[in-house]
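> This is the structure I want to talk about, given as structure tokens.
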Amino acid sequence: MRRRLFIGLTAASVLVTATACGSSGGGGASDANASSGGTTEVKVGLIPIVDVAPLYLGEKKGFFSERGLKLSISSAQGGAAIVPGVASGQFEFGFSNMTSLLIAQSNSVPVKGVANGNASTGVEGEDFAAITVKGDSPIKSAKDLEGRKVAVNTLKNTMELGVRASVMKSGGDPDKVDFVEMAFDQMPAALDGGQIDAAMVVEPALATIKGQGGREIASSMVDIAPDLTISLYFTSTQYAQKNPEVVKKFQEATAESLAYADSHPDEVREIVTTYTKIPPAVLEQVTLPKWPTEPNRASVEQLVKLGNENDLFKQAPDLDELLP
């Protein structure tokens with residue numbers, strides 16, 4: 001199992017190569033995209049999931065246009081595509097989970113957080129992410145996952161760390177868990193069909209599994225740290241140095257968007273239907289994450305500690321450089 005975690009660092013090293021190949025594009029994009037009316041168009045790489053709803057909502061509410069920004073949003077499958085895209089200048093800003101950014105930063109990929117992304121609810125049994133099993137499964141706790149096949153969306157990343165934290169908390173050995181990589185949207189059917197014994201899922205897969213009679217046995221993001229910071233919006237260090245005013249405007253507009261989303265859950269659910277294919281009936285059952293305006297540094301430090309224990313980082317990540 002530990003060998004799998006080392007293998008993951010090879011993928012992170014690709015990010016360094018992507019940066020070296022495309023570093024010339026990250027400097028003056030905002031100047032090139034600025035219209036005569038003073039509006040700056042910025043390209044933003046996002047994953048079409050519930051977590052990024054505040055940015056779509058903020059755009060609709062005019063929080064970005066009020067500051068002279070126009071968002072040009074591109075969808076990507078995950079942070080693995082967005083991180084090198086931002087580092088090379090393909091995007092001015094991007095969204096990625098905290099662990100991917102920590103791995104990138106530890107591999108000298110020049111990325112810099114500019115705004116908070118989303119966070120765990122911090123409430124056990126009422127979070128947007130959980131380890132799930134079939135309703136009739138003999139598995140009662142995370143300790144029972146020893147020797148079992150457990151699906152995570154990406155090996156050596158946040159979801160695997162979460163499972164490991166839950167297994168350790170319940171007195172088990174996470175190195176005895178058989179982790180398999182699987183897309184979130186494939187997990188409900190795989191769990192129901194018996195191809196896997198458990199699935200570490202986020203919404204809306206969590207609501208889908210509960211709807212088919214499954215149950216959750218651990219709130220893994222809560223087990224990593226209370227109120228865990230899950231993700232960040234980020235840019236390249238080069239872009240931040242050359243375009244400080246644009247970065248400041250994006251940061252302010254995103255903070256306003258996060259605060260608005262956190263206090264208007266009905267509008268969040270409505271905006272999600274505009275950029276995802278989540279059925280409205282499922283969306284009504286989805287547990288929303290929290291959207292604090294500032295990252296929780298203590299929780300990120302705990303994530304780093306867990307990552308160090310599982311050999312995720314080539315060198316210790318520099319949180320002073322990474323966090324906004």
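> Out of every Cα pair in the stretch 187-261, what percent are spaced more than 17 Å from each other?
Of the Cα pairs, 64 percent sit more than 17 Å apart.
> Assign unit charges at the C-beta atoms only (+1 for Lys and Arg, -1 for Asp and Glu), then state the dipole size of the chain relative to its Cα centre in Debye, rounded to the nearest 20.
Rounded to the nearest 20 debye, it is 620 debye.
> What is the set of long-range amide H partners of Val180 at a cut-off below 5 Å, with H atoms built 1.01 Å from backbone N?
Val150, Ala151, Val152
> Now for a separate question. Among the trypsin sites (Lys or Arg not before Pro) within the stretch 111-168, which fall in a DSSP loop and have no more than 12 other Cβ atoms within 10 Å of their own Cβ?
Lys140
> Hey, what's the Cα Rg ratio for the stretch 95-144 versus the globular rule of thumb, 2.2 N^0.38 Å?
1.70
> I've got another one for you. Relative contact order of the chain: what whole-number percent is it, with Cα pairs under 8 angstrom and at least 6 residues apart?
28
> Let me ask you something else. Got a sec? What order do Lys169, Lys277, Lys210 fall in by accessible area at 1.4 Å, biggest, i.e. largest, first?
Most to least solvent-accessible, the answer reads Lys277, Lys169, Lys210.
> Between their Cα atoms, which of Lys134/Lys305; Lys60/Lys277; Lys60/Lys248; Lys140/Lys277 are more than 26 Å away from each other?
Lys134/Lys305; Lys140/Lys277
> Still on this structure, I have one more. Could you state the orientation-averaged shadow area of the convex hull built on the Cα atoms of the stretch 122-173, in nm² to one decimal?
For the stretch 122-173, the mean projected area of the Cα convex hull comes to 4.0 nm².
> So what is the 222 nm mean residue ellipticity for the chain from helices alone, if each DSSP H run of at least 4 adds -39500 (n - 2.57) and you divide by all residues, rounding to the nearest 500 deg cm²/dmol?
Rounded to the nearest 500, the figure is -12500 deg cm²/dmol.
> How much net charge surrounds Ala165 when only other residues with a Cβ under 12 Å from its Cβ are counted (Lys, Arg +1; Asp, Glu -1)?
0
> Please report the spacing between the Cα centers of the stretch 239-256 and the stretch 125-148 in Å, no decimals.
Their Cα centres are 41 Å away from one another.
> Out of Pro110, Val202, Ala218, whose Cα points farthest toward the positive end of the dipole of the chain (charges: +1 Lys, Arg; -1 Asp, Glu; placed on Cβ)?
Pro110
> Mind pulling the angle between the C-alpha long axis of helix 2-22 and the longest principal axis of the chain? Nearest 10 degrees, somewhere in 0 to 90.
The answer is roughly 10 degrees.
> Right, next: Over what distance in Å are the Cα centres of the stretch 164-184 and the stretch 37-109 separated?
Cα centroid to Cα centroid, the span is 30 Å.
> Okay, next question. So how much accessible area does Val180 have, in Å² to the nearest 10, using a 1.4 Å probe?
Val180 has an accessible surface of roughly 30 Å² with all protein chains in place.
> Angle between the Cα long axis of helix 297-309 and the longest principal axis of the chain, 0 to 90 degrees, nearest 10?
That works out to roughly 60 degrees.
> Along each of the three principal axes of the Cα atoms of the chain, give the extent in whole Å, ordering the values from largest to smallest.
The Cα atoms of the chain stretch 65, 43, 31 Å along the principal axes, largest first.
> Which percent, to the nearest 5, of DSSP beta bridges fully inside the chain are antiparallel?
Among the beta bridges of the chain, antiparallel pairing accounts for roughly 55 percent.
> To continue, here is another question. What is the sum of charges around Gln302, taking Lys and Arg as +1, Asp and Glu as -1, for the other residues whose C-beta is under 12 Å from the C-beta of Gln302?
-2
> Over all directions, the average projected area of the alpha-carbon convex hull for the stretch 61-143 comes to how many nm²?
Approximately 9.1 nm², given one-decimal rounding.
> With unit charges on the beta carbon (Lys/Arg positive, Asp/Glu negative), name the residue among Thr132, Gly62, Asn308 whose Cα is farthest towards the positive pole of the charge dipole of the chain.
The residue sitting farthest along the positive end of the dipole is Asn308.
> Compute the signed sum of charges (Lys and Arg +1, Asp and Glu -1) over the other residues within less than 11 Å, Cβ to Cβ, of Gly85.
0
> I need the semi-axes of the equivalent ellipsoid of the stretch 248-324: take the C-alpha gyration tensor, multiply each eigenvalue by 5, square-root it, list largest first in whole angstrom.
Rounded to whole Å, the semi-axes are 31, 18, 11.
The values are calculated or read from the model by the stated rules, or taken from the named source; none is laboratory data. Just so we're clear, the structure is a prediction, and the values are computed from it rather than from any experiment. Don't worry about glycine lacking a Cβ; one is built from the backbone with ideal geometry, like all the others, and counts go over all protein chains shown. Remember, those area values only see protein heavy atoms, side chains included, never the ligands or the DNA or RNA. Shrake-Rupley method; radii C 1.70, N 1.55, O 1.52, S 1.80 Å.
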